[in-house]
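Presented below is the structure to which this report refers.
The values are calculated or read from the model by the stated rules, or taken from the named source; none is laboratory data. Because the structure is a prediction, the values reported are computed rather than measured. Virtual Cβ from ideal backbone geometry, glycine too; neighbours counted across all protein chains shown. Each accessible area value is taken on the protein alone, full model and side chains, heavy atoms only, with ligands, DNA and RNA left out. Shrake-Rupley method; radii C 1.70, N 1.55, O 1.52, S 1.80 Å.
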Amino acid sequence: MAAGGVWVFKNGVMELEPEVTSRKALVYVPANETIKSLQALERRLGSLGWERYYEDRAIVQLHKRDGGVDLISVPRDFSRLRSTHMYDVVVKNRDHFKVVDL
């Protein structure tokens, strides 16, 4: 498996420089809690009116109990949670969650 990165010339030689990746975390702002599991995320979202809508072996979807049209989709395997999933949670719960760099 090839590593990702950027090809650059150094002293006439082309080298692959590894990509600098920043790790991100989802934080529940009122408690300053870093969300580390699907269960913790569901607990916090549940207190804000979200409940499971659909699930399969890869994803879990949540929707608002009040019948809103918004859905939040997250991977069942929390290690696969990416910044796009985190920002989806933040956009739909602006005052309660934020994404931070680790």
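The combined condition, being open to solvent by less than 40 Å² (accessible area, probe 1.4 Å) and not β-branched (Val, Ile, Thr), is fulfilled by residue 37. If you go through the stretch 55-92 and keep only what is within 12 Å of the chain's Cα centre (by Cα), β-branched (Val, Ile, Thr) and more than 15 Å from residue 42 (Cβ to Cβ), you end up with 84, 90, 91. Checking the stretch 34-56 against the condition returns no match, with no residue being at pLDDT 95 or above and touching a Ser or Thr at 6+ places or on another chain (Cβ under 6 Å).
For the stretch 17-43, a residue qualifies if it is touching a helix residue (DSSP H, G or I) at 6+ places or on another chain (Cβ under 8 Å) and within 11 Å of residue 89 (Cβ to Cβ), and the qualifying residues are 26, 28, 35, 41. Whenever a residue of the stretch 82-102 is of a type in the set (D, E, K, R), its partners that are assigned to a loop (DSSP other than H, G, I, E, B), lying with C-beta atoms within less than 6 angstrom and at least six residues away or across chains, give the pairs 92/70; 101/22.
Rundown of residues vs (1) more than 15 Å from residue 83 (Cα to Cα); (2) of a type in the set (Gly, Ala, Ser); (3) touching a residue at least 24 places away in the same chain (Cβ under 8 Å), yes/no style:
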{"residue": "12", "(1), (2), (3)": "yes, yes, no"}
{"residue": "16", "(1), (2), (3)": "yes, no, no"}
{"residue": "22", "(1), (2), (3)": "no, yes, yes"}
{"residue": "30", "(1), (2), (3)": "yes, no, yes"}
{"residue": "38", "(1), (2), (3)": "no, no, yes"}
{"residue": "41", "(1), (2), (3)": "no, no, yes"}
{"residue": "57", "(1), (2), (3)": "yes, no, no"}
{"residue": "61", "(1), (2), (3)": "yes, no, no"}
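Just one of (1) out of contact with any Gly (no Cβ under 9 Å at 6 or more places or on another chain); (2) open to solvent by 40 Å² or more (accessible area, probe 1.4 Å) fails for residue 28. It is (2). Residues of the stretch 66-77 include at least one that is under 20 Å from residue 23 (Cα atoms), open to solvent by less than 60 Å² (accessible area, probe 1.4 Å) and either touching a residue at least 40 places away in the same chain (Cβ under 8 Å) or of a type in the set (Val, Ile, Thr) (or both). Taken as a whole, the condition of being at pLDDT below 95 and within 22 Å of residue 101 (Cβ to Cβ) applies to residue 20.
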